[in-house]
2 protein chains.
Amino acid sequence: MKSNKPATIKEIARKLKISPSTVSRALNDHPSIGLVTTMRVKKMAEELNYEPNQTAIFFKQRKTFTIGVILPALSEPFFSSAISAIEAIAEDRKYTVLLGQSLDDADREAKIIATFKKHRVDGILMSLGKNTTDLSFVEVLESSDIPVVFFDCVPESTSVHKVYCDLATGMDEAIEAFISRGHKNIALINGPETLLSATERTASFQEALLKHGYEFNDKYVVHTDLTEHGNHAAMEQLCVLPERPSAIVSFNDFVTLDVIKYARGKGIIVGQDMHFISFANYPLWKYMENPPLASIEQYPDEQGKKAAEILFEILESKEKVEPQEIIFSSKLVLK
Amino acid sequence: MKSNKPATIKEIARKLKISPSTVSRALNDHPSIGLVTTMRVKKMAEELNYEPNQTAIFFKQRKTFTIGVILPALSEPFFSSAISAIEAIAEDRKYTVLLGQSLDDADREAKIIATFKKHRVDGILMSLGKNTTDLSFVEVLESSDIPVVFFDCVPESTSVHKVYCDLATGMDEAIEAFISRGHKNIALINGPETLLSATERTASFQEALLKHGYEFNDKYVVHTDLTEHGNHAAMEQLCVLPERPSAIVSFNDFVTLDVIKYARGKGIIVGQDMHFISFANYPLWKYMENPPLASIEQYPDEQGKKAAEILFEILESKEKVEPQEIIFSSKLVLK
DNA sequence: TTGTACGCGTTATCAA
DNA sequence: TTGATAACGCGTACAA
């Protein structure tokens, strides 16, 4: 078995009776070093199983070739897609990905950021947790010269880099799909009212209805706290309305899953008595016997890819990069 | 806006007209430093927004407080559960997690290992890809003093640390469940024959049948390459048998999803004409209208947790830790 | 109680 | 073409 202390430049130099700097240059193919010397050095390096100590190099060049990715939870297929795209880009650029799941907990989020900062990541990609209100960390990171690019769940501020999906286009297509199929009573099961993404959904829901000459009735907008119980309760609220909706847009696919299950329990036939469209485009709808009518794709991989590209653009550019805002259009995908 | 060059110990020392070593000690609450000095130093550190440069510390102590996790794909809920458990343990110990997805590609796997080695991770947790045959990297890592703990998909070697799930117990329970419900013709849709995990399944399938006094007929064992088409083809093979099986154990939940869909297309009613059990315990079965009879839980989080604990035990112990082998029992979970 | 000196592995600068 | 030296930021043995 080999020794566990990896060889260093110094050792090579000693064995060859030349100076460490010569060795360093030879290994880096510096033009000033003679061919013979270079060969000898490389041969010896090979023999001694030399491997550059990256921690020393990182330290010296003040760069770790590491980016941190912070997201709510990998259990959501949306985020596992996103991080896969990010990892692919990072690998191309010879960067490594540090992982942090916030689990929608602002404290955890803060901790992860602190850890990443300690580890001197070169940059951060982040999708905010649902409960994050304090965004002061952005400035802290900025003052440490660690760029952040947000994706999917992004802050309102215009002075940050962000990549996200415009919900309005998908919502509009959803409403249109429902209307063209003759639905009169269209409801929205929305997330907690405290969420920006929820208020956006309500706004675009209302707008889409009006645009198509429909009335907006706020009785048809209910809210869930996104727990199973909350999802069922929201559905219950809609079911007891005098004119029960026949078409429902819901906050996301997870809500729809719960709601469909609830509906089944009530004897409501999905795809016949009641139709669903939700956000996210959960990959397994195709296996369901009675899937929703459609899902609104938000392109996690495109978002991750673009966010990563922006981050690397920032890292590779010497000048300050102006805050970028990239907006993808969400899109209705029929099932 | 603050400067982007974080303050160093030297600067604090200069401002306070004391030596850097005193500052260092004060910041680390070294007992020999006077209370007043300590206070002054800390105050100045605060003012200058001092943050220890971890890359320097990592470099010096030859330790990065980083572990690498290599797994096939986060899109499998099994692995996203596992990595979440790992991340939780790592966070406790103040370690950070570097992510690498192999996508079942041996070349990618090798690349990731090389990258992790360059980054001088303190240890590695790994679940092998389906196509990995060359395990020589284990010795290479060992010679670099980077411990590896395998989980779930582990090598056969007895000289490595590994945590995995014994498939036989779950298989036995599955067969028993089928038999007790009166099934005579029980089939197995297995993965590629080249996979160790597939041969294991066949062996335990056979064993369980014999144990219950049933004959083993290899016509009832078919193989799929795990693509959608392969899954359908395997099912087709079973359907054309003279005595069509009424109960099927399949390689994993993804295979079952495809197969159930196929069965539906053929007018076969799942849970009536045909019953399924598969490995993995995919979390969304509960939303399915006609779910499989049961799923065999393989405890990704327990596996991840245990593997991480072993790794930290190795990292924290000064002596060599003997190769550990932890085997969880898989367990049938009725749906 | 505090300061001096050194080293971790590498590379850039300057000198030879 | 090569070598000596310094520096990155920190911690610590040794000296005072």
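The values are calculated or read from the model by the stated rules, or taken from the named source; none is laboratory data. Nothing here was measured: the structure is a model prediction, and the numbers come from that model. Here the Cβ positions follow ideal geometry from the backbone for every residue, glycine too, while neighbour counts run over all protein chains shown. The protein model used for the area step is the full one, side chains on, heavy atoms only, and it has no ligands, DNA or RNA in it. Shrake-Rupley method; radii C 1.70, N 1.55, O 1.52, S 1.80 Å.
Provide the per-residue ³J(HN,Hα) series for segment B:166-174, in order, calculated from phi with Karplus coefficients 6.51, -1.76, 1.60 and θ = phi - 60°, each as a whole number of Hz, with x at glycine and proline positions.
Here the 3J(HN,Hα) series is 6, 6, 4, 4, x, 4, 4, 5, 5 Hz.
Starting from the eigenvalues of the Cα gyration tensor, five times each then square-rooted, give me the equivalent ellipsoid semi-axes of the protein assembly as shown, largest first, whole Å. Present the calculation step by step, with values, prior to reporting the outcome.
Numbers: eigenvalues 467, 270, 90 Å².
For the protein assembly as shown, the ellipsoid semi-axes come out as 48, 37, 21 Å.
Run the label-point distances for A:Pro242 please: 7 Å along Cα to Cβ, every other copy, nanometres, shortest first.
When each copy's label point is compared with this one, the spacings are 6.8 nm.
If amide hydrogens are placed 1.01 Å from N in the peptide plane, which non-local residues have theirs closer than 5 Å to the one on A:Gln324?
Those lying under 5 Å, H to H, from A:Gln324 are A:His161, A:Lys162.
Can you compute 3J(HN,Hα) from phi for each residue in segment B:69-86, using the Karplus curve 6.51 cos²θ - 1.76 cosθ + 1.60 with θ = phi - 60°, rounded to whole Hz and x for Gly and Pro?
These are the phi-based 3J(HN,Hα) values: 10, 10, 8, x, 6, 6, 5, 7, x, 3, 7, 5, 5, 4, 5, 5, 5, 4 Hz.
When N counts the residues of segment B:185-254, how does its alpha-carbon radius of gyration compare numerically with 2.2 N^0.38 Å, as a ratio?
Numbers: Rg = 11.5 Å, N = 70, 2.2 N^0.38 = 11.1 Å.
Normalised Cα radius of gyration, segment B:185-254: 1.04.
Using DSSP to define loop residues, name the trypsin sites (Lys or Arg not before Pro) in segment B:162-234 whose beta-carbon has at most 15 other beta-carbon atoms within 10 Å.
Counting only loop positions with at most 15 other Cβ atoms within 10 Å, the trypsin sites (Lys or Arg not before Pro) in segment B:162-234 are B:Arg181, B:Lys184.
If you roll a 1.4 Å probe over segment B:251-297 with all protein chains in place, what percent of the accessible area is carbon or sulfur?
50 percent
For B:Ala85, what is the net charge nearby, where nearby means another residue's Cβ is under 14 Å from its Cβ and Lys, Arg count +1, Asp, Glu -1?
Details: positive: B:Arg93, B:Lys305, B:Lys306; negative: B:Glu87, B:Glu91, B:Asp92, B:Asp152, B:Asp301, B:Glu302, B:Glu309.
Net local charge, B:Ala85 excluded: -4.
For a quick check: with amide H placed at 1.01 Å from N, whose amide H comes under 5 Å from B:Tyr50's, ignoring anything fewer than 5 positions away on the same chain?
Here the answer is none, since no amide H 5 or more places off falls under 5 Å of that of B:Tyr50.
What distance in nm separates the two pseudo spin-label positions at B:Ser317 and B:Glu193, each 7 Å out from Cα along the beta-carbon direction?
Output for this residue pair reads 4.1 nm.
Among all the aspartates and glutamates, which ones have a C-alpha under 13 Å from A:Lys320's C-alpha, if same-chain residues fewer than 8 places away are not counted?
In chain and number order, the partners are A:Glu142, A:Asp145.
Across segment B:50-165, how many lysine pairs separated by 8 or more positions, or lying on different chains, have Cα atoms within less than 25 Å?
Counting lysine pairs in segment B:50-165 gives 18.
Going 7 Å from Cα along the Cα-Cβ axis for the label, what nanometre distances separate A:Lys266 from the same residue across the other copies?
So the distances to the same position in the other copies read 3.7 nm.
What do you get for GluC sites (Glu not before Pro) in segment B:149-195 restricted to DSSP loop and a cutoff of at most 16 other Cβ within 10 Å of the site's Cβ? Intermediate results must be reported in sequence, preceding the final value.
Values: sites: B:Glu156, B:Glu173, B:Glu176, B:Glu193; in loops: B:Glu156, B:Glu193.
When the GluC sites (Glu not before Pro) of segment B:149-195 are filtered for loop state and at most 16 Cβ neighbours within 10 Å, B:Glu156, B:Glu193 remain.
What distance in nm lies between label points placed 7 Å from Cα along the C-beta direction at A:Arg264 and A:Ser136?
So the label points at A:Arg264 and A:Ser136 sit 4.8 nm apart.
Roughly speaking, what is the centre-to-centre gap between segment A:50-92 and segment B:321-335 when only Cα atoms are used, to the nearest Å?
Cα centroid to Cα centroid, the span is 31 Å.
Got a sec? Charge dipole of chain B, +1 on Cβ for Lys and Arg, -1 for Asp and Glu; which of B:Leu27, B:Ile67, B:Ala56 is way out at the positive end?
B:Leu27
I need the trypsin sites (Lys or Arg not before Pro) found in segment A:1-74, filtered to DSSP loop residues with at most 15 other beta carbons within 10 Å of theirs.
Values: sites: A:Lys2, A:Lys10, A:Arg14, A:Lys15, A:Lys17, A:Arg25, A:Arg40, A:Lys42, A:Lys43, A:Lys60, A:Arg62, A:Lys63; in loops: A:Lys2, A:Lys17, A:Arg62, A:Lys63.
Here the trypsin sites (Lys or Arg not before Pro) that fit, given the DSSP loop and packing criteria, are A:Lys2, A:Lys17, A:Arg62, A:Lys63.
In square nanometres, what is the average projected area of the Cα convex hull of chain B? The partial results should precede the final answer.
Working: hull surface 91.0 nm².
Average of the hull's projected areas for chain B equals 22.8 nm².
Skip the ligands, DNA and RNA, and give the accessible area per residue of chain A with a 1.4 Å probe, whole Å². List each step's numbers first, then the result.
Details: 15790 Å² over 335 residues.
Result: 47 Å² per residue.
Show the residues, 5+ positions off or on another chain, whose built amide H is closer than 5 Å to the amide H of B:His275.
Excluding prolines and chain starts, which carry no amide H, the hits are B:Ala247, B:Ile248.
Defining the label point at 7 Å along Cα→Cβ, can you sort the distances from A:Leu315 to the same site in each other copy, shortest first, in nm?
2.2
Taking θ = phi - 60°, what integer Hz values does the Karplus form 6.51 cos²θ - 1.76 cosθ + 1.60 yield along segment A:230-238, in sequence order, with x for Gly and Pro?
x, 5, 5, 4, 4, 4, 4, 4, 6
Could you tell me the calculated FRET efficiency between A:Ser32 and A:Ser75, based on Cβ-Cβ distance and R0 = 51 angstrom, to the nearest 0.05? Don't skip to the answer; put the middle values down first.
Details: r = 55 Å, r/R0 = 1.07.
Taking R0 as 51 Å, the efficiency between A:Ser32 and A:Ser75 is 0.40.
Please state, rounded to one decimal and in Å, the Kirkwood hydrodynamic radius that segment A:9-52 gives when every pair of distinct Cα atoms enters the mean of 1/r. List each step's numbers first, then the result.
On the way: mean 1/r = 0.1010 Å⁻¹.
Result for segment A:9-52 stands at 9.9 Å.
Tell me: how much accessible area in total is hidden between B and A, 1.4 Å probe, Å², nearest 100?
Values: alone 18330 and 18320 Å², together 31590 Å².
About 5100 Å² of accessible surface is lost on pairing.
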